Structures are given as C-alpha cells and as structure tokens.
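Okay, structure first, notes after.
What follows draws every value from the coordinates through simple rules; no lab data is involved. This is a predicted model, so every value here is computed, not measured. For neighbour counting, all protein chains shown are included, and Cβ atoms are generated from backbone atoms with ideal geometry for every residue, glycine included.
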Amino acid sequence: MPNKKIGEISISDDVIGIIASLTVIEIEGVYSMSGGFAGGLANVLGRSDLSRGVKIDKDDNEVKVELYLILEYEYSIPDLAWKIQDKVKRTLEAMTGLNIIEVNIHVQGVNFPEGEEKDDIDFDEDEKEEEDLDEDNS
C-alpha cells in the first residue's frame, strides 16, 4: 500500500506534556513533578494536573521540553537528569513521531526521607569517608 498523505496529524502540547510527565514519574529517584505558581494557578482554573511540571515549546515538527522536578535525596542529580532526558526523548519520539531537540531538567527541590530533617543529615560524612580511604591507600 502506498504511503500517501491523506491529511494532517496534530498533537496538542497537553498530550505531549502528559506523555512526558507519565514517563518521568516512572523513573526511580523522581519524587514528583513541580508545578510552581503556574501549575497551582492551572489547578485552580481546573486544568489537568497530569502535565504539571512540564512546559512544551513546539515549532512544526521540533519540540523542546522543560521539566520541573523534585527529586529524591541520595540520588546523583546529573546521572538521574541524564536518564530522565534520555527516556523522555525516546518515549516522546516513539509515541508521537516528533523530533525532540531538547529535554531540559529544572530541579526545583529535593525530597528528604520521612522523619529526617535536612538539619539531621551530615553532609560532611562523604568527605570523612573519602579522607579515611585516602589514609588507607597511603
């Protein structure tokens, strides 16, 4: 059967945002999407919460995705960001056929484990462990 164009296909920014959001929240280390002020306003106005924390900039067949996230404490932010970028890009391209040219990650916060305040966490612990390792290797 010939590959004949019989009409246009248009995918709304909301659909792209929902796909991106659902992809992101499945990744271990992501606590939630962060809607910020605009997301809160959208909820008041009754807009869908499924694309919260996602901004889409679409120009013809090229798409830029902005993701606003809260991550779990104890995960490497650069490693997690790369994993999110890769998975969102691959998923959106496979599901929509659009060319995803950018997936930008905006870390808006870090979720600490329940019962643990950030004042209780010893951020110098890693440095002490590194010093101990250096001494052992000497």
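Distance between the pseudo-spin-label points of residue 95 and residue 28 (7 Å out from Cα toward the beta carbon): 2.2 nm. Each of residue 87 and residue 106 was given a label point 7 Å from its Cα along the Cα-to-Cβ line. The distance between the two points is 2.2 nm.
How much length, in nm to one decimal, is gained on full extension between residue 77 and residue 57, taken as 0.36 nm per residue of separation minus their Cα-Cα distance?
Gain on stretching residue 77 to residue 57: 4.8 nm.
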